[in-house]
1. Might you let me know whether the stretch 30-37 holds any residue that is surrounded by 15 or more Cβ atoms within 10 Å (Cβ to Cβ) and part of a loop (DSSP other than H, G, I, E, B)?
2. Residues of the stretch 96-129 being part of a loop (DSSP other than H, G, I, E, B), under 16 Å from LYS2 (Cβ atoms) and more than 13 Å from the chain's Cα centre (by Cα), which ones?
3. Go over the candidates VAL20, VAL13, VAL27 one by one and state the one that is in a strand (DSSP E or B) and within 21 Å of VAL106 (Cα to Cα).
4. Checking the condition small (Gly, Ala, Ser), under 20 Å from ALA119 (Cβ atoms) and in contact (Cβ under 8 Å) with a residue 24 or more places away in the chain, which residue from ALA47, ALA36, ALA30 passes?
5. Step by step: first the residues of the stretch 65-95, then only those that are part of a loop (DSSP other than H, G, I, E, B) and of a type in the set (Val, Ile, Thr), then the one that is farthest from LYS2 (Cα to Cα). Which residue is that?
6. Applying the selection to the stretch 76-95, what residues are more than 26 Å from LYS18 (Cβ to Cβ) and within 14 Å of the chain's Cα centre (by Cα)?
7. Going by the structure shown, is ILE62 in contact with a strand residue (DSSP E or B) (Cβ under 7 Å, 6 or more places away or on another chain) and free of Cβ contacts under 8 Å to residues at least 40 places away in the same chain?
8. Is it fair to say VAL27 is crowded, with 16+ Cβ neighbours inside 10 Å and either among the polar types (S, T, N, Q) or at pLDDT 95 or above (or both)?
Amino acid sequence: MKRILVADDMPTVFEQAKEVIGDRYDVITASNSEEALEMSKKERPDAILLDMFLDEEKSEEILKELKSDAVTRDIPVIITASDASVMALSRYYKLGAADFVKKPFVENVLSRRIDVVCALKDDGHLDLI
């Protein structure tokens, strides 16, 4: 079973992610930026759902660090938020984000986005994400 790291500071998001995708993915969690980076390196998840506003908007720094580390650079990162501007999303895509999913999660949308980024990673098409 593929492992997905959910990095968010809201416990309700963990519960929702487990409810929505827990039957198809092993969901692990991190509640702050330090945990997110540690769990990314230790657990080597197949994808990361990263809250855009984790630790008061440190997500850009987390993404930069993930993409600059040889251990984590190939892990697809899906940014999550309840609302995001086009400009903000553009910054995240330039930093290496693979996709964006709006919260609260919709089961078929979240599952499909994870399926796609994991398939692209598995097929060696990281240049597409």
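The values are calculated or read from the model by the stated rules, or taken from the named source; none is laboratory data. Predicted, not measured: the structure shown is a model, and the values here were computed from it. Cβ sites come from the backbone with ideal geometry, for glycine too, and all protein chains shown count toward neighbours.
1. Checked against the condition, which is being surrounded by 15 or more Cβ atoms within 10 Å (Cβ to Cβ) and part of a loop (DSSP other than H, G, I, E, B), the stretch 30-37 yields at least one hit.
2. ASP123
3. From the options VAL20, VAL13, VAL27, the qualifying one is VAL27.
4. Just one listed residue meets the conditions, ALA47.
5. Top of the filtered list is VAL71.
6. Of everything in the stretch 76-95, those that are more than 26 Å from LYS18 (Cβ to Cβ) and within 14 Å of the chain's Cα centre (by Cα) turn out to be TYR93, LEU95.
7. No.
8. So VAL27 passes the test.
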